[in-house]
Amino acid sequence: MIRVAIALAVFAGTVEAQSVKLRGDEIAILLSGNTAVGIWEGHAYRQYFDADGTTIYAQDGGTSLRGTWRVDGDEYQSIGIIDEEWEGRFVMEYGGQWFWVSKTVAPTPFEVIEGNTLVAE
């Protein structure tokens, strides 16, 4: 069994990286109960996604904002953080890195930290 796992790992390392658009269920698993960390419009942020649909967006040096999040089809959506209308993004994975992707914003990298880590340790 270990030999098979090692063979698969070696084979996977030789395949060129491809971008993969996450399905709705994968987005829900990735975000639910976890914190996204990245840079948005030049500002560092942390955003926690509670399993109950509540999200808290905390920008360095700014006021925390509370909103609601959901997955609709294969799209992450939120309301109440920036706009009072549902705003959607796709989530992509490329080379082990996560990206927010939309028609109006260039792909924006982020990482996911397990649990509610709104405050940097």
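Which of the numbered conditions does Val105 fail, given that it passes all the others? Conditions: (1) under 14 Å from the mean Cα position of the chain (by Cα); (2) under 26 Å from Gln18 (Cα atoms).
So the condition that Val105 fails would be (1).
Can you pull out every residue in the stretch 106-121 that is at pLDDT below 90 and surrounded by 12 or more Cβ atoms within 10 Å (Cβ to Cβ)?
Selection gives Asn116, Thr117, Leu118.
The rows are residues; the columns are (1) touching a Lys or Arg at 6+ places or on another chain (Cβ under 8 Å); (2) polar (S, T, N, Q).
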site: Glu84; (1), (2): no, no
site: Phe90; (1), (2): yes, no
site: Glu93; (1), (2): no, no
site: Phe99; (1), (2): no, no
site: Thr104; (1), (2): no, yes
site: Thr108; (1), (2): no, yes
site: Asn116; (1), (2): no, yes
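Starting from the stretch 77-106, take each residue that is within 23 Å of Ile56 (Cβ to Cβ) and list its partners that are at pLDDT 95 or above and assigned to a loop (DSSP other than H, G, I, E, B), counting only C-beta distances under 8 angstrom and pairs at least six apart or across chains.
Phe90/Leu22; Phe90/Asp74; Val91/Leu22
The values are calculated or read from the model by the stated rules, or taken from the named source; none is laboratory data. Not measured: the values here are computed from a predicted model. Cβ: placed from backbone, ideal geometry, glycine included. Neighbour counts: every protein chain shown.
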